[in-house]
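Undergrad: Supplied in structure tokens, the structure appears directly below.
No lab work stands behind these numbers, since they all come straight from the coordinates. Predicted model, so just to flag it, every value in this text is computed and none were measured. When we count neighbours, we look across all protein chains shown, and the Cβ atoms used for this are built from the backbone with ideal geometry, even at glycine.
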Amino acid sequence: MSSRKRAMSLAELAPQVITGIDDLKATYGDWQSHEATHVDPQQVESVLGELIERLDADFPYFHPQYAGQMLKPPHPVAMAAYLATMQINPNNHSIDASRATTQMEHEVLDQLAAMFGLGEDYMGHLTWSGTTANLEALWICREIRPGAAIAHSADSHYTHSRMGEVLGIETVSIPTEADGRMSLDALEEVLRTREIGAVVATLGTTGLGAVDPLADIIPLARQYGARVHVDAAYGGFFTILQGELAPETARHYAAIAQSDSVVVDPHKHGLQPYGCGAVLFPDQSILRFYHHESPYTYFASTERHFGEIQLECSRGGASAAALWATLKVFPLTMSGLGAIIAPGYRAAQAWHGLISESDILQPYQRPETDIITYLPRVQTMRQLDEVSHAIFEMAAAPARPQQTHLATYVVKPEQLRMRGIAIEDDAPTARIMRSVLMKPEHEPLIPEMHHHVSMWSRRAYERVLAGEAALGA
Ligand SMILES: *Cc1c(COP(=O)(O)O)cnc(C)c1O
């Protein structure tokens, strides 16, 4: 790392982009803002004060001690670029409405396509979300094979069955194996017996971070004439880390290059504010499905507008600008964005190691990405649920600087037994512990977090056993 590098805050970056855009506006001459837009400064100050107070109700997603759900704030570079562009508010729907940021979007799409190895003749665009990106990919599947069903794993994001309903496509859920990956045998059985137009492989499931066996799914799906869509909304940027991942995981990431479409969410691991997904197709021939005419939007340019090749209409140019600036500073390489994602991956592996050797905790499964799942060593489903919930609460109970924020994940007894965990079946489901370690700052905290979680787990289990003994007595 260059010695000139240091942490920078938005407060430090904001003046440059605010002054810069003010100067840019001034080149068009001054104008009077309309009275109707004027405000009472005291009222605005009080409203914004109230906003800050109300935001205090959130958990501290920005803090390394928040190791719960898939949440973290954007990088200050992304925020500054977004702030700069938002003041002009271009709309990447049409080139005329976004002359600068449509170009930036093409530049970031080239980088995303190159990361996945899709070749230069790809088609794609940013979206407001992973949901709309997946919707679009599934819509193309339906247009290519009307009437055929779509297969996805039981652990895939719920968006696939929901969007199947929206699109009027039947969806088929394929069971997962003990590693959380789609079962190839079950997939083959479904491909053999039903008309499947597309298989959705999730590279990094949202719950467990498990990577579906894409390199094996592709030849199997092709054999039965089905397309393969990759949902890498959460896990897409782990493609950069192929050199560090387990070889089997890396093999499936490498296979994204052979898929028919792929979705990635820069607003998850790409340091962006919400409102930034992406969908990419290696084959431009799917463009034939997008034909539409708009008499009011495309006027000054004959080049292709993003509005002509996406389901959404308006889309923020600020999102493209923020991602463009971020990738300038953190390119899609091991030493760029990879250096921000890798520590979370290592943190998950290190914590898994500690949990595997613990007498009070045990792993649910090995983390393939940066999501770790584990549980206290207890006898029954009810104890498991109670102890997990108690760990969650004890972690968040101290004064703010000492708090740790964890998350839970609901499992069934057969899912535990599949993973070799014996448990008495006295409840249909129970919570276990889950942490998304998506901030590089998590890595050095792992030994301490493990120590605390073990302590809380022991305390909670003793309490549960004492309660049971009192009831039995
Ligand atoms: C987050 C996620 C989605 C949904 O994306 P949004 O951006 O939240 O709409 C879909 N699939 C996977 C695998 C995800 O992790």
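Undergrad: Testing the spin-label approximation: label points 7 Å from Cα along Cα→Cβ at N89 and Y224. State their distance in nm.
TA: Calculated label separation equals 4.9 nm.
Undergrad: Moving to a separate point now. Please report the equivalent ellipsoid semi-axes of the range 338-472, computed as sqrt(5 x eigenvalue) of the Cα gyration tensor, largest first, in whole Å.
TA: 26, 18, 11
Undergrad: Provide, for q = 0.16, 0.22, 0.25, 0.26 Å⁻¹, the log10 of I(q)/I(0) from a solvent-free Debye sum over equal Cα point scatterers in the range 396-473.
TA: -0.86, -1.22, -1.27, -1.28
Undergrad: Residue by residue through the range 410-426, which ³J(HN,Hα) values in whole Hz follow from phi under the Karplus form 6.51 cos²θ - 1.76 cosθ + 1.60 (θ = phi - 60°), with glycine and proline marked x?
TA: Per residue, the Karplus-derived 3J(HN,Hα) values read 8, 10, 9, x, 5, 5, 6, 4, 3, 9, x, 9, 6, 8, 7, 8, 8 Hz.
Undergrad: For the range 85-329, what log10 I(q)/I(0) values come out of the Debye formula at q = 0.09, 0.14 1/Å, with one point per alpha carbon and no solvent?
TA: Once normalised to I(0) and log-transformed, intensities are -0.37, -0.87.
Undergrad: Choose one of L71, Q415, A246: the residue whose Cα lies farthest towards the positive end of the charge dipole of the chain (beta-carbon charges +1 Lys, Arg; -1 Asp, Glu; about the Cα centre).
TA: Farthest towards the positive end: A246.
Undergrad: Sort 68-81, 387-400 by packing, meaning the average of other beta carbons within 10 Å per residue, with the highest value first.
TA: So the peptides 68-81, 387-400, ranked by packing, come out 68-81, 387-400.
Undergrad: Right, here's the next one. Please list, in order along the range 99-115, the HN-Hα scalar couplings obtained from phi with the Karplus expression 6.51 cos²θ - 1.76 cosθ + 1.60 (θ = phi - 60°), rounded to whole Hz, x for Gly and Pro.
TA: In residue order, the calculated couplings are 4, 7, 7, 4, 4, 4, 4, 4, 5, 6, 5, 4, 5, 5, 5, 5, 4 Hz.
Undergrad: May I pose another question? Amide H to amide H under 5 Å from V172: which residues, 5+ apart in sequence or cross-chain, H placed 1.01 Å off N in plane?
TA: I150, A151, H152
Undergrad: Further question: Could you list L384, L465, L332, L55 so that the one with the fewest beta carbons within 10 Å of its beta carbon is first and the one with the most is last?
TA: By the 10 Å Cβ count, ascending: L55, L465, L332, L384.
Undergrad: Compare the Cα positions of L112, I432, T206 along the charge dipole of the chain (+1 at Cβ of Lys, Arg; -1 at Cβ of Asp, Glu; about the Cα centre) and return the one farthest towards the positive end.
TA: About the Cα centre, the residue reaching furthest to the positive side is I432.
Undergrad: If only Cα atoms are counted, what is the Rg of the chain, and what is its Dmax, in Å?
TA: Taking only Cα atoms of the chain, I get Rg and Dmax of 24.4, 85 Å.
Undergrad: Same structure again: What does the charge dipole of the range 185-335 about its Cα centre add up to, to the nearest 20 debye, if the Cβ of each Lys and Arg holds +1 and the Cβ of each Asp and Glu holds -1?
TA: Approximately 320 debye in magnitude.
Undergrad: Can you tell me the relative contact order of the range 338-472? Whole percent, Cα pairs under 8 Å, sequence separation 6 or more.
TA: 33 percent
Undergrad: In addition: Residue by residue, what Karplus-based ³J(HN,Hα) values in Hz, rounded to whole numbers, does the range 449-463 have, using 6.51, -1.76 and 1.60 with θ = phi - 60° and x for Gly and Pro?
TA: 4, 4, 4, 5, 4, 4, 5, 5, 5, 4, 4, 5, 5, 4, 5
Undergrad: Farthest toward the dipole's positive end in the chain, which of T27, A321, P376, given Cβ charges of +1 (Lys, Arg) and -1 (Asp, Glu) about the Cα centre?
TA: The residue sitting most towards the positive pole is P376.
Undergrad: At 222 nm, what value in deg cm²/dmol follows for the chain if DSSP H runs of at least 4 each add -39500 (n - 2.57) and the sum is divided by all its residues, to the nearest 500?
TA: -13500 deg cm²/dmol
Undergrad: While we're looking at this one, here's another question. Evaluate the charge dipole of the chain about its Cα centre and quote only its size in Debye, nearest 20, assuming +1 on the Cβ of each Lys and Arg and -1 on the Cβ of each Asp and Glu.
TA: Taking the Cα centre of the chain as origin, the dipole is about 720 debye.
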